[in-house]
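Remarks on the structure that follows.
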Amino acid sequence: MHHFVFLLIYFSFLFSDQQHQEIRIEGEMDQVQAFSIRNVPFFQCKEGSKTITQITAMPADQWTQNPQFHKTDMKKHHDLWMKIPLHFVQNDQLRDRYILEFMNQSIPRLSVYIPNEEQVYQEFEAGSHLKFNQREIAHKNFSFFLPSPNTGSMIVYARLSTDHQPDTHFSIKSTSGFIHYATTEYIYFGLIYGSLISLLIYALLLLMSMRNEVYCIILFYILCLLAWLINRDGIGFQYFWPSYSGGNQQIAHLFEHLIVLNISWLFGKKFKIKHQHPQMHLLLLVLLGTKTILLLLGLVLNEYFPLEVILNILIYGSLLIHIFPTGGKSATIARPIFIGQVVLFIGIILQSGLRMGLLELSPLTYYASTVAFLFHILSLFFALAMEAGKSQQDKNVLHQALIKEQQAQMDLKEQLNQELEQKVRERTLEIAQKNQELKRAFDELEQQAIPEKVRTATPKPVGQQAKKQQTMEKSTPSQLMSFGEFKTIFPDELACFRYLEKIKWQEGYKCTKCNNKKYADGIKPFSRRCSKCGYCESICSNTIFHSTKFDICKAFYLVYLINNNLKVNQTEIARAIDLRLGTVNRFILKIKSYNGKLDHLLKEF
């Protein structure tokens, strides 16, 4: 906390309007003293038209000192000379070396002329066009050591290029004060960048888990913000690409523009500006298109147009106006986004005022945009978390309602089933009673109407059934059953399979593959699966009925006939049981090939 208090005290010194003709340096404490071009004499001339010898020889009346100087007063393609008079006050504690630091690390070209002990001016060149390792002091700002303090005065000259109307704030601080200030500022940067990296990882995890397009936009938003900040603050040039000196400011402008596009895209996606407010959508497209054109021109011409600052304000203001009704009414989810957008808009206003020279450089104007962007991202995550919670709550309510509805339907269905079952029982009982009455009535009428001789006679079959019956009677001896009589014993396949199961495994199950005696029911009816080898044996396997393609009841009857050593007319049998003659012949040959081994199989026939 002490470090941040020191940083605020430093900036309060930095941006107070000190209008002394001579800058006094006293060594009673490690205090920071800061000034701007409004506090020192300056002179503008065409680029490269004056040398340090000519400048030092200029009379005092040619120098200008204007407390109301604005950076827009700078003439393009000129050199801005600053005359910095220093006076060291005699003091026993004046033993520490002092540092001259220019606060704007984006100055294209900077030359500082400091007198040595022989009062000969030495030139120290700096600027954003040089590699980082060419700086005298390895710091993000341009810093220069002043001669060892002694009593008396000296004059330091600085020449700045006015191509981009750079900020001219500079400070003078002791070495210990410089270290203290730099450490505090880098701690601040660490907190900001660490928070953004944490949010970046969090957004990546949310994107991987939820597959939501909004998190993809936020992820790209944070990446662009990080890239812009490390370019603007000079951290990227110091640590990541110290050998690449060109294009740092252009890259910063590019990522700043991508941030604007991301926020516009995010709000357009989230609040459906295109469909709900087509006029607002058209205005945003015009503003973004104009800003994009200016950005491209600036990258080509190596210029920065002040109109871009105004367009930024208009774009952020338009987005704020659009979400104001939603956030101001009571929409729970939109309210955090609205608050975050208000904070971001204030930060953009302060940053724009600083760029345009309407506001003085201060902790508020310099760091406001960074803190505002961080707060804006946090508000987005908070709003999305609230939206996810509300969505989950709605799902839970819907799920509970669905469960209640299903329970009600099940109760109603159960009630209807019970009512139907009751009605069916009642109707069945009624029908059964009526059937009994009809049967009794029919029996009485039959007994009265039919003579005794007719009642005791056996009815003769008629039609096709009569022909089949006559055929069976002719083809089979009287002591053997006809197929019709056989069907009373084995009426269907189920009866045949049950009988076959009984006689096949009457001595117990034994696997034909591994002789295992333990089994489980197979997939098909009456089949058994070995518990050891897994072999599944069907009911017809290893019997004469294996691979039989016709009704097993008919196969049973054919076995019955052959098993009783009956000489039958195969043609008549085939006609009687409704099979092809070839099928009957093949199966009879198959039966005879067993050579009498069927006695145990159908002995009960």
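The values are calculated or read from the model by the stated rules, or taken from the named source; none is laboratory data. Here the structure is a predicted model, which is why all the values come from computation and not from measurement. The accessibility values were calculated without ligands, DNA or RNA, using every heavy atom of the protein model including side chains. Shrake-Rupley method; radii C 1.70, N 1.55, O 1.52, S 1.80 Å.
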Worksheet item: Can you pull the accessible area of residue 201 for me, 1.4 Å probe, Å² to the nearest 10?
Response: 90
Item to complete: Figure the gain on full extension for residue 56 and residue 186 (residue separation times 0.36 nm, minus the Cα-Cα span) and round it to one decimal in nm.
Response: 43.1 nm
Fill in: For the stretch 337-349, 3J(HN,Hα) per residue [Karplus equation, 6.51 cos²θ - 1.76 cosθ + 1.60, θ = phi - 60°, Hz, x = Gly/Pro]
5, 5, 4, x, 5, 4, 4, 5, 5, 5, x, 5, 4
Fill in: Average silhouette area of the stretch 91-234, convex hull of alpha-carbon atoms, in square nanometres
11.1
Worksheet entry | Mean projected area in nm² (Cα convex hull; one quarter of hull surface) for the stretch 238-306 | 5.9
Practice prompt. Over the stretch 121-225, with every protein chain in place, what whole percent of the accessible area is carbon and sulfur at 1.4 Å, could you tell me?
Written response: 62
Discussion item. Could you tell me what a quarter of the Cα convex hull surface of the stretch 201-285 works out to, in nm² with one decimal place?
Written reply: 6.9
Worksheet item: For the stretch 40-138, what does the alpha-carbon gyration tensor say about shape, rounded, prolate or oblate, given a ≥ b ≥ c as the root eigenvalues, a/c under 1.5 as rounded, and a/b over b/c as prolate?
Response: oblate
